[in-house]
Amino acid sequence: MKIAVACDHGGFRLKNVLMKDLKKQGYEVVDFGTYNEESCDYPDYAAKAARAVASGECEKGVVVCGTGIGVSITCNKINGIRCALVHDVFSAKATRAHNDTNMIAMGQRVIGEGLALEILNAWLHTDYEGGRHDQRIQKLMALESE
Ligand code: RB5
């Protein structure tokens, strides 16, 4: 599976930790930057990862900033993206099972690396449940054409 990753300066260190783990597990990782801790604007990088997921170039995406909020808002502006800001393992599983999220956002200034890795892997290894959630997702995706 090909995974898009992106961050701003506030998420650079955590992005590297997550990327290393993804590669170790055999995922193909496409890194859309930023590539250092110099101050930058999170929409520039998060949008690139989101577009790669929306186009099908990558199957899933992982974005990180200081809080996770800026990158998650950015990704959700791109049609086709359902990005969840997650800082606990329960929500990581639930948002795959119920929302079929194709991107996850986390905040480097909010959680530690160990929890972030647990969250990432819970999210990656949980399948969408379908069923009653299908119509809910259809309704939320229909909002994109308003
Ligand atoms: C950068 O200082 C910070 O604002 C950014 O990483 C993020 O937390 C925004 O939502």
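The values are calculated or read from the model by the stated rules, or taken from the named source; none is laboratory data. All of these numbers come straight from a predicted model, not from anything done at the bench. Please note: Cβ atoms are built from the backbone with ideal geometry, for glycine as well, and neighbour counts cover all protein chains shown. SASA here: full protein model, heavy atoms, side chains in, ligands and nucleic acids out. Shrake-Rupley method; radii C 1.70, N 1.55, O 1.52, S 1.80 Å.
Using only the Cα atoms of region 58-105, build the gyration tensor, take square roots of its eigenvalues as a ≥ b ≥ c, and label the shape rounded, prolate or oblate: rounded if a/c is under 1.5, else prolate if a/b is larger than b/c, else oblate. Oblate, because a/c is 1.5 or more while a/b does not exceed b/c.
Across 141, 103, 1, the residue with the most accessible area heads the list, and the full order at a 1.4 Å probe is 1, 141, 103. Full extension of the chain between residue 57 and residue 2 yields a length gain of 19.0 nm, computed as 0.36 nm times the residue separation minus the alpha carbon distance. Once the 1.4 Å probe is applied to the protein heavy atoms, region 86-132 comes out at 46 Å² accessible per residue. Each of 114, 98, 130 was scored by the projection of its Cα onto the charge dipole of region 89-135, and the greatest displacement toward the positive side belongs to 114; charges sit on the C-beta of Lys, Arg, Asp and Glu. For the residues 97, 84, 50, a GNM of the chain with alpha-carbon springs under 10 Å puts the largest fluctuation on 97.
Dipole magnitude for the chain: computed about the Cα centre from +1 point charges on Lys and Arg Cβ and -1 point charges on Asp and Glu Cβ, it is near 200 debye. Its convex hull of Cα atoms gives region 62-140 a direction-averaged projected area, equal to a quarter of the hull surface, of 4.7 nm². Using the Cβ-Cβ distance between residue 39 and residue 87 with R0 set to 22 Å, the FRET efficiency from 1/(1 + (r/R0)^6) comes to roughly 0.40. One chain, two ends: residue 134 and residue 16. Fully extended at 0.36 nm per residue, the span grows by 39.1 nm beyond their Cα-Cα distance.
Report, ordered by chain and residue number, the aspartates and glutamates lying within cross-link reach of residue 139, taken as a straight Cα distance under 14 Å and ignoring same-chain residues fewer than 8 apart. Cα-Cα hits under 14 Å: 100. Between the Cα long axis of helix 42-55 and the first principal axis of the chain there is an angle of about 40°, rounded to the nearest 10. Placing unit charges on the Cβ atoms of the charged side chains and taking the dipole of the chain about its Cα centre, the candidate lying farthest along the positive direction among 34, 86, 54 is 86.
If you fit an axis through the alpha-carbon atoms of helix 113-124 and take the longest principal axis of the Cα set of the chain, what angle between them do you get, 0 to 90°, nearest 10? Approximately 30 degrees, to the nearest 10.
For region 1-106, the square roots a ≥ b ≥ c of the C-alpha gyration tensor eigenvalues yield an a/c under 1.5, which makes the shape rounded.
Using 17 Å as the cut-off for backbone N distance, which residues of region 57-98 belong to the label zone defined by a point 7 Å from the Cα of residue 125 along Cα→Cβ? What the label zone holds, given the 17 Å backbone N cut-off, is 88-97. Length gained on full extension, residue 142 to residue 98: 14.1 nm, using 0.36 nm per residue less the C-alpha separation. Result for the chain in a Gaussian network model with C-alpha springs under 10 Å: among 107, 131, 68, the largest mean-square fluctuation is at 131.
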